[in-house]
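The structure appears right after this line, and notes come after that.
The values are calculated or read from the model by the stated rules, or taken from the named source; none is laboratory data. As the structure is a computational prediction, the values presented were derived from the model and not from experiment. For neighbour counting, all protein chains shown are included, and Cβ atoms are generated from backbone atoms with ideal geometry for every residue, glycine included.
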Amino acid sequence: MSRTVNCVLLGNEAEGLDYAPYPGDLGQRIYDNVSKEAWQRWLAHQTMLINEYRLTPIEPEARKFLETEMEKFFFGEGSAAPKEFVPPSE
């Protein structure tokens, strides 16, 4: 049986993650409060941020920026796309 969480992003009960996806306290908060679906939404948003801001995730400044945006995405006011971002048409 899969574990469920009250997802902070979706606002309802949903299937929880199998393990903490990030180290430390933030990773534990995500594990306890974020669903698999919400995590997938973050990964797509993170990819957009990396591409739009031309980040190199190996650089400490880029990692810190992404960590801050991740915390805002799940537990803050949300992580916004850059003003110049135009979503791809489907």
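Regarding the range 10-19, can at least one residue be identified that is out of contact with any helix residue (DSSP H, G or I) (no Cβ under 8 Å at 6 or more places or on another chain) and among the hydroxyl-bearing types (Ser, Thr, Tyr)?
no
Only one of these conditions is not met by TYR53: (1) hydroxyl-bearing (Ser, Thr, Tyr); (2) touching an Asp or Glu at 6+ places or on another chain (Cβ under 6 Å); (3) at pLDDT 90 or above. Which number is it?
If we test TYR53 against (1) hydroxyl-bearing (Ser, Thr, Tyr); (2) touching an Asp or Glu at 6+ places or on another chain (Cβ under 6 Å); (3) at pLDDT 90 or above, just (2) comes out false.
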